[in-house]
Every structure is written in structure tokens, then in C-alpha cells.
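Quick notes on the structure that follows.
The values are calculated or read from the model by the stated rules, or taken from the named source; none is laboratory data. This is a predicted model, so every value here is computed, not measured. In this analysis, Cβ positions are derived from the backbone assuming ideal geometry, glycine residues included, and neighbour counts consider all displayed protein chains.
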Amino acid sequence: MIPDTDILALSASLTEAGLNGTPEDAIVRDFCERANAIGIPVDRALVLIDTLHPVYEGRLFRWGQDPSQPGSLEYGRTVVPEGVTLGEEEQRAVANWRASPFFHMLTTGESLLRLTEEHASIFPVMQDYLMGGI
């Protein structure tokens, strides 16, 4: 069992980093490393943040993925207004979003979804998670 003092210190470091204006990718990296250090096993993490940017719908921060992949990226629309035509890359992003566990949770209202290897047939993006992609 992880001592409460370790959990409180992890939480405090996360809060402090946010209040200090630490870049998001550094916050994610530090949180994952600290979690592992106190005995919370984290192999990979994805943090998605919606933005108010006129072109990008949100930002994605990754930790523990293939080092040849960028640790963060901005993504375009995942909700397509009627009459808007998307380019090929945007269409792929929308399709990936709609096939994701996150979209499933949003549309079903579920607040918790524990993913296992069996979910790979339900959520194709799980193959990327299992293979260390994403």
C-alpha cells in the first residue's frame, strides 16, 4: 500500500507545477516519473486538453510512448459542423476519435472504463496502445 504522505506529495507537486506555469509536457512527464517512484506503475500516459484555439480543438501530451514520436501535438476538429469539408488528415483524426475509448465514454456517460487486451476488437486504436504506438 502506498503511504498517504506519498500520495499527498504527488498531488502537491502536480498542483505546484500547474500554479507555477510549468509546460504541460513537463507536468505529465514529472507526474508519471513521480508516480512510478512511489510505486504507482505507469507505463504510458495520454493527457488530452480541449482548447479555445480557432484551428486546433485540443492538445495531446504523451509519456512512455515510442521516443521517435512527438511527446505532444495539437489536433484539429473532431466535431464537424454541417457543410464543412475536411482534408484527409482531419478525416482520419475524426475517425480515430470516434473509434476511441474516450469518445465511447463521452457518448455513454461512463466515468470509468478499465481497458484490457480484449478491448482491442472494440476499439481499434487499442492496437496502437498495446504496440506502444500512440
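Among the candidates Gly87, Gly39, Gly18, single out the residue that is loosely packed, with under 14 Cβ neighbours inside 10 Å and on the phi > 0 side of the Ramachandran plot.
On the way: Gly87 fails: on the phi > 0 side of the Ramachandran plot; Gly18 fails: on the phi > 0 side of the Ramachandran plot.
Going through Gly87, Gly39, Gly18 in turn, the sole match is Gly39.
Which of (1) part of a helix (DSSP H, G or I); (2) under 17 Å from the mean Cα position of the chain (by Cα); (3) at pLDDT below 75 is the odd one out, the single condition Asn96 does not satisfy?
The number of the failed condition is (3).
Condition check: among the acidic types (Asp, Glu), part of a loop (DSSP other than H, G, I, E, B) and modelled with pLDDT under 80. Does Asp43 satisfy that?
Spelling it out, it is not the case that Asp43 is among the acidic types (Asp, Glu), part of a loop (DSSP other than H, G, I, E, B) and modelled with pLDDT under 80.
Do the conditions hold for Leu106, that is, is it among the aliphatic types (A, V, I, L, M), closer than 21 Å to Ala45 by Cβ and part of a loop (DSSP other than H, G, I, E, B)?
Working: among the aliphatic types (A, V, I, L, M): yes; closer than 21 Å to Ala45 by Cβ: yes; part of a loop (DSSP other than H, G, I, E, B): no.
Taking the combined requirement at face value, the residue does not satisfy it.
If you check Thr85 against the conditions, is it more than 30 Å from Ile7 (Cβ to Cβ), part of a loop (DSSP other than H, G, I, E, B) and modelled with pLDDT of 75 or more? It would help to see each step written out before you state the result.
Values: more than 30 Å from Ile7 (Cβ to Cβ): yes; part of a loop (DSSP other than H, G, I, E, B): yes; modelled with pLDDT of 75 or more: yes.
Considered against the rule, which asks whether it is more than 30 Å from Ile7 (Cβ to Cβ), part of a loop (DSSP other than H, G, I, E, B) and modelled with pLDDT of 75 or more, Thr85 comes out as yes.
Can you tell me which residues in region 21-36 are within 13 Å of the chain's Cα centre (by Cα) and loosely packed, with under 15 Cβ neighbours inside 10 Å?
Across region 21-36, there are no qualifying residues.
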